[in-house]
Structure formats: C-alpha cells, structure tokens
Amino acid sequence: MVHNGIIENFQKLRKDLSQVGHELDSETDTEVIVHLIDRFLEEGFSPREATAEALKLLEGAFALAIIFAGDEDLMIGARRGSPLALGVGVNQMFLGSDAIALAPLTKNLIYLEDGDWTVLSHNDYIIFDENGQEVERDVCRTALTGASVEKGGHQYFMLKEIFEQPQVIGDTLHAFVNPNTGAVTLPSLDVDVMQASRLTLIACGTSYYACLVAKFWLERIARIPTEVDIASEFRYREGIMPDGGVAIFISQSGETIDTLAALRYARSQGQKIVSVVNVPESAIARESDLVLQTYAGPEIGVASTKAFTTQLTVLACLTLTLAYNRGTIDKLERRRLAHALVEVPARAAEILNHDERIKEIAQFVAGARDVLYLGRGTSYPIALEGALKLKEISYIHAEGYAAGEMKHGPIALIDKTVPVVVVSPTDFLLEKTISNVQEVMARGGKVIFFSDKRGADKLGSKDAENVILPSVDPFVSPILYTIPVQLLAYHTAVLKGTDVDRPRNLAKSVTVE
C-alpha cells in the first residue's frame, strides 16, 4: 500500500486493533490502515467491502493506493483531502498524485473528488463517493507528455525551470495581454470582482510572497483595500470578511490543503472566490468562481521557480484590469504598464545571461552559516522569497527583512562572515535602500547588490558584489528580480552538494495541515 497524508485517529485505531489480537511492528499510521483492512478481511468481507469499512473509520487527510496479495487484477484508491488522480489507459489503469506523475503513462485522467474511492482492474474502474454510492466522474485529457517532465539536458529540474521562465511568462502574458493595445482581458471577470469592497489574498509558502507583492500593486495602483493572510492561520482566527468582498487563493498545485480549507471558510463567509493556479482541473480551481490560470507548465523541482513568476505575472494583469475598470489609471497608463509587462520575457532572458557571475558569488555564500536578504516595497517579498529558496535547497539559515528594519535589531548580526543580499531596483525607494546598505557595509557586512546600472552607480562602492540587471519599470521589477535570487540559491545548493530538486523533509504539494 502507498499512503500519503495523516491518519489523525491512528492511535485509537491502533489500540482497538491490539485489543483484538493484531500485533503492529511500527508506530506509523500507515501500518494501522493495513491492519484495519486485514481485520475486516478476517471477518469475511471481500477486499472491496473491507476497504469500504476501513475508510469509514479513518479520520484525517490522506490518499491511498492499495494492492491485495494474491489478486493481481485489483487495486483500490481513495482520497480525502490529499489529491489522487486515476489514469485511464488501454487495458491498464493507473493511480497517481497528479497529471505530472501520470504523464508518461496516459493522457486520460479522472480527478477524484474529495471522499471518492475507486476500484480498479486492468481494463475497468468503478468510482464511489464518500457515501458509498457509485458515481461518474469526467475523463479529462491532459496536454502533458513524458518529454515535458524530463530535464532537457540540465543537471537538475530546478535549473531547467529557471531557464524556462522567459517562455512561460510569455505564454502567460499571451493569454491575458494584447501587446498592441495594452488591453488586459481576464476570463469571465464579473462585476462583483470589479466592485469588491476589499480583497483578501491567501496562500502558503512562496505563493504567500506573491500575495505580498500583489498587495502593494493592488493598493498603490488599483486603490483597493487588500489584506494578505497565511492560509494555515487564516481560518483559525475566524476573521471578519465584509459583504462584497473577494478572496483570492494562490496555489501552484491547486491542491494545497491549508489553502483549500481557507477557501471553504471564505466561501462560508459569503466571499466571491478567485483562484490563481497552474492546474485548472485541481480542487481549488473546481471550487472557485473564477480561475486565473498560470501557464508555467509542469514544475518538478520542489522549490518553486517558474510557478512563482507566472503567479506574479497573472496578479500584475489582474491589477491592471481592476485599476483600469475602477478608474484609478487611464488607458494611456494601462498601455504603458502593459508594455512593461510585455517586455518581461526579453528582460528575463537578459538576466539569465548573468548565470556565471552569480555562480561565482555563490562560492562565498556557500561557506556562510547565516545569510540576510533585504528589500523595500515590492522588493521586500522578493527578499523573503530569496531567503526561503536558500533555506529550502542549501540548508543555510537565511532570513529576509524589510531594509528599513535593519536598525531595529537585525543589524546586530552583521559581521564579515554574514553575506547580505540586497534586492534594489531603481524605484522611489532606491535611495532609502542604499542608506540601509551603507549602514551594513559600515559594520563590515559583505553585500551582494542586485540592481541596475543606476542603482550600482548610486551605491558607488567597490566593496559590494554588484550584479547589474536590466533597467525596467518598477512595476515589473519583482518578477524579474526573482530570477537572480533563484540562481543564487541554486548555485549555492549545488556547491553544497544537496539534492536540489528534492530537498530533505519537503514535498511538492503540501496535502496535510
């Protein structure tokens, strides 16, 4: 049996099983499931009946794939909370977590709904809902292929996905922006979203940092009151959500259990639901009023790269649509900002040309025990994201700070052994950021300065490690300045010898709370 997720009541079940003579060899919740099914088999139930009875007793979020000894033509799958897809082949059936896992095997997929379980033979399947009633689910055809989940000559999937960003950002923009007129068109964006009294953006991990960037955009450009919350915390504070509010949920997989639970809470509070996801068939997408798809394609590396930049791209498009329709920008300004967006793929390709320079700098970072990342405005979330990337894949302790907060405590950490990575495009906060950087350098800090030529000239220090990036409109700088911090984390991890694509203790899609 393969088990993903957590059985919350496994201790009670373990005790009950021990009382009827079952001896368990481990402390895992997975073994409890096997013994529970075996108990019902001993009572004379068929494998299907035994599984059905066992599922009634399990509490938690999980996905199961069960094969029975002595029966080569039977497999049973079940999902509750965690994702599970059924692949339909020719005289063969498959179970997998998502389309990416099944892409090399079949294009025909059925996404099981929450509470579903299925009985498979080599040429047939039956699906039951949580009440044990036989149901029909739609068969979807995926565009993914086995080739789309290969490394394409790169050492790691993560590097391949970093270098795919010019293309996938372009694909995402092509879906939303008319490059000639600057018009931004979102699918079925109804009047409730346009007239929202407040937006609430909710996500986890890297997607949460996309929310922080979007908050800055939505309030400054579209003038909409915007709150941002971590999905795993959101519903437990039972926040007050206003009439006419819109909740926007961001998830690469569309199956993140914390985000899905927060979505259901927002729905119960009468909010309009918008999702930004990479998988339009996912659970979050299916439960949304409006789906804004990113076009990142399959992302195999656990540390998100191209999914994040395409999320930012979609949120930038949403900002322009809301701002124009609410009258906070005119057609000329919309066209100017849309033009800046359309240029992003080309500028992203230019940034990738700095790969060797960033690889050199990574040699210093790889020897550090602690690293600080600084940024202001929309660059602050990118500093947070850079620190997260470094932690995730190199296992070096890293923290992101708003640059102005350095003097309120973190500056005590500065010495010559602590690299300080500064994300500082030329914008209205440049001079303030440079002032903070000078405070760091005065205390012996080793600064890695990501900026354009104007920013580097303004800093004017030969002691900083400068990476000169293209000059871009401040509106799009968070999308582009994400790329060098990704590369820095990647090269540092390679030098450290870690498993870049599959960092320890992490999973691509978090499916338990």
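The values are calculated or read from the model by the stated rules, or taken from the named source; none is laboratory data. No experiment lies behind these values; they were computed from the predicted model shown. No Cβ is skipped: glycine too gets one built from the backbone with ideal geometry, and neighbour counts run over all protein chains shown. In case anyone asks, the SASA skips ligands and DNA or RNA and just uses the protein heavy atoms, side chains included. Shrake-Rupley method; radii C 1.70, N 1.55, O 1.52, S 1.80 Å.
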Seminar exercise, completed: Computed on Cα atoms only, the convex hull of the stretch 238-277 has an orientation-averaged projected area in nm² of 2.6
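What value in Å³ per residue do you get for the convex hull of the alpha-carbon atoms in the stretch 437-513?
Residue-normalised Cα hull volume stands at 173 Å³.
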For this session: Identify, among 24, 62, 105, the residue whose Cα sits farthest towards the positive end of the charge dipole of the stretch 1-126, taking +1 on the Cβ of Lys and Arg and -1 on the Cβ of Asp and Glu, with the dipole about the Cα centre.
Result: 105
Exercise. Given that compact globular proteins tend to follow 2.2 N^0.38 Å, what is the ratio of the alpha-carbon Rg of the stretch 22-124 to that value?
Worked result: 1.11
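Using the heavy atoms of the protein chains and a 1.4 angstrom probe, tell me the accessible area per residue for the stretch 361-500 in square angstrom.
Heavy-atom accessible area per residue stands at 36 Å².
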Seminar exercise, completed: Those chymotrypsin sites (Phe, Trp or Tyr not before Pro) from the stretch 265-341 that are DSSP loop and have at most 11 other Cβ neighbours within 10 Å turn out to be none
Problem set entry | Listed residues 306, 272 arranged by accessible area, highest first, probe 1.4 Å | 272, 306
Exercise. Got a sec to turn the phi values of the stretch 272-283 into Karplus ³J(HN,Hα) couplings, 6.51 cos²θ - 1.76 cosθ + 1.60 with θ = phi - 60°, whole Hz, x for Gly and Pro?
Worked result: 6, 10, 10, 10, 10, 9, 9, 10, x, 8, 6, 4
For this session: Return the long-range amide H neighbours of residue 446 (sequence gap of 5 or more, or a different chain), with a cut-off of under 5 Å between placed amide H atoms.
Result: 418, 420
Problem set entry | Magnitude of the charge dipole, the chain, Cβ model with Lys/Arg +1 and Asp/Glu -1, debye to 20 | 2500
Problem set entry | Sequence-separation-based contact order of the chain, relative, with Cα cut under 8 Å and 6+ spacing, percent | 13
Problem set entry | Per residue value of the accessible surface for the stretch 192-266 (all protein chains in place, 1.4 Å probe), Å² | 36
Problem set entry | Diffusion constant of the stretch 67-132 at 10 °C, which comes from Stokes-Einstein with the Kirkwood Cα-pair radius and 1.306 mPa s, µm²/s | 132
Problem set entry | Quotient of C-alpha Rg and 2.2 N^0.38 Å, computed over the chain | 1.05
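By per-residue mean of other Cβ atoms within 10 Å, what is the highest-first order of 421-434, 122-135?
421-434, 122-135
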For this session: Give the cross-link partners of residue 56 among the lysines, using a straight C-alpha distance below 22 Å as the criterion and excluding same-chain residues fewer than 8 apart.
Result: 12, 15
For this session: Summarise the long-distance tail of P(r) for the stretch 362-513 by giving the % of C-alpha pairs beyond 26 Å.
Result: 22
For this session: Using the Kirkwood radius over Cα pairs, work out the Stokes-Einstein diffusion coefficient for the stretch 408-481 at 10 °C and 1.306 mPa s, in µm²/s as a whole number.
Result: 126
Exercise. Amide H to amide H, which residues 5 or more places from residue 95 or on other chains are under 5 Å from it, using H placed in the peptide plane?
Worked result: 87
Seminar exercise, completed: Under a 1.4 Å probe, counting only protein heavy atoms, residue 472 has an accessible area in Å², nearest 10, of 30
Exercise. What aspartates and glutamates could a cross-link reach from residue 306, if we take a straight Cα to Cα line under 12 Å and drop same-chain neighbours fewer than 8 places away?
Worked result: 161, 164, 171
Exercise. Residue farthest toward the positive end of the dipole of the stretch 149-292, with Cβ of Lys/Arg at +1 and Asp/Glu at -1: which of 155, 182, 259?
Worked result: 182
For this session: Between beta-carbons, use under 14 Å as the cut-off and find the net charge around residue 399, counting Lys and Arg +1, Asp and Glu -1.
Result: -1
Exercise. At 222 nm, what helix-only mean residue ellipticity would the chain give, in deg cm²/dmol to the nearest 500, using -39500 (n - 2.57) for each DSSP H run of four or more?
Worked result: -12000 deg cm²/dmol
For this session: Using DSSP, restrict attention to beta bridges with both residues in the chain and report what percent are antiparallel, rounded to the nearest 5.
Result: 45
Seminar exercise, completed: Sorted by chain and then number, the residues having a modelled amide H within less than 5 Å of the amide H of residue 183, at least 5 places away or on another chain, are 178
Seminar exercise, completed: Carbon plus sulfur, as percent of the 1.4 Å-probe accessible area of the stretch 400-513, comes to 50
Problem set entry | Net charge dipole size for the stretch 204-357 [Lys, Arg +1 and Asp, Glu -1 on Cβ; Debye, nearest 20] | 500
Problem set entry | Percentage, to the nearest whole number, of Cα pairs in the stretch 268-336 over 16 Å apart | 59
Exercise. Dividing the alpha-carbon Rg of the stretch 324-394 by 2.2 N^0.38 Å yields what?
Worked result: 1.57
Exercise. By the scheme Lys and Arg +1, Asp and Glu -1, what is the net charge of all other residues having a beta-carbon under 10 Å from that of residue 323?
Worked result: +2
Exercise. If you roll a 1.4 Å probe over the stretch 134-293 with all protein chains in place, what percent of the accessible area is carbon or sulfur?
Worked result: 48
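Using only the Cα atoms of the stretch 194-238, what semi-axes does the equivalent ellipsoid have when each is the square root of 5 times a gyration tensor eigenvalue? Give whole Å, largest first.
One finds semi-axes of 19, 13, 6 Å for the stretch 194-238.
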Exercise. Relative contact order for the stretch 225-274: what is it in percent, counting Cα pairs under 8 Å that are at least 6 residues apart?
Worked result: 47
Problem set entry | Greater than 22 Å apart at Cα, pairs in 359/453; 160/416; 331/453 | 160/416; 331/453
For this session: Go through the stretch 305-315 residue by residue and turn each phi into a ³J(HN,Hα) via Karplus (6.51, -1.76, 1.60, θ = phi - 60°); whole Hz please, and just put x for glycine and proline.
Result: 10, 5, 5, 5, 5, 6, 4, 4, 4, 5, 5
